[in-house]
Amino acid sequence: MKTIIQLLTLSLLLFSPLTSQAKKGVIITVQVKNQLTRERVANALITVKEIGEEGFHTNPFGRTQLPKIHSDSITLTVQHPDYQTQTITKRYLPKKGTYLLEIGLDFTKERMNEYYAELKRMDSISSVSNKTDLFNNCIADSNSRNTKALFPGGESSLVLFLSYNTKYPKEDLQNHVQGNVIVRFTINTDGSLSDAEITKSVSPLIDQEALRLIRIMPDWTPAYCNGEPVTTKCSIPIHFHVY
């Protein structure tokens, strides 16, 4: 009898860690959203480095659930035809239970142009007069009789774009570095932007973020003179403030 008890005790010692190990692991639900509009992104393809080539598609609510993950980190790549591909690594995952991972995707430049064109057509963002303060410095180079260049949808749309896309540099945010950057750039006859430069600086990191915002902007409506598009120089302020 004593021998049987000893064998049972030995069995418990041997198999308990395996049973405990089998219960570990975290179940991750991935939520994919549009970084600009915060809408859920359906049919996004998610691949996980730790799992292999198998892909997972988000449902109509922008969600998908991954198989149980047993590591403390995970690397995901998210793809969708309308969005820029994004690869992220999430570290320090919980050892067990469930975890919600939210990922925001940015439009491709082509889709961004289409999006603002749609807004303009639908009048969901009201256009503003060419005389608004924000566009006072957007003037044609060679003739005073002109139609000023405009961001798609006007000033309100530009403010919305900056609000959703500005990424405050972490170091400057922690140190309460703030101010208004003024960026000067060229609006070409096809509406594309080039030659961006800082004319009023706040800090190197904030200046770089302001230039990044100009690079990802959709094409503008160019200035017109006598019915012909003309090259435009434009200066706009971009606000960085800690509240």
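We did not get these values from a lab; they are worked out from the coordinates using the rules stated. Small disclaimer: the values here were computed from a predicted structure and weren't measured. Note that each Cβ is placed from the backbone with ideal geometry, even for glycine, and that neighbours are counted across all protein chains shown.
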Count charges around THR108 for me, please; just the other residues with Cβ under 11 Å from its Cβ, Lys/Arg as +1, Asp/Glu as -1.
-2
Just need the relative contact order of region 22-105 here, percent rounded to a whole number, with Cα pairs under 8 Å and 6+ apart.
41 percent
Within 10 Å, count the other beta carbons around each residue, average over each peptide in 28-35, 56-63, and list them highest first.
28-35, 56-63
Among the aspartates and glutamates, which fall within straight-line cross-link reach of LYS68, defined as a Cα-Cα distance under 12 Å, with same-chain neighbours fewer than 8 residues apart omitted?
GLU50
Using a simple spin-label model with points 7 Å from Cα along the Cα→Cβ vector, what separation in nm is obtained for ARG111 and ASP72?
3.5 nm
For the pair THR147 and GLN208, how long in nm is the line joining their label points, each one 7 Å along Cα→Cβ?
3.9 nm
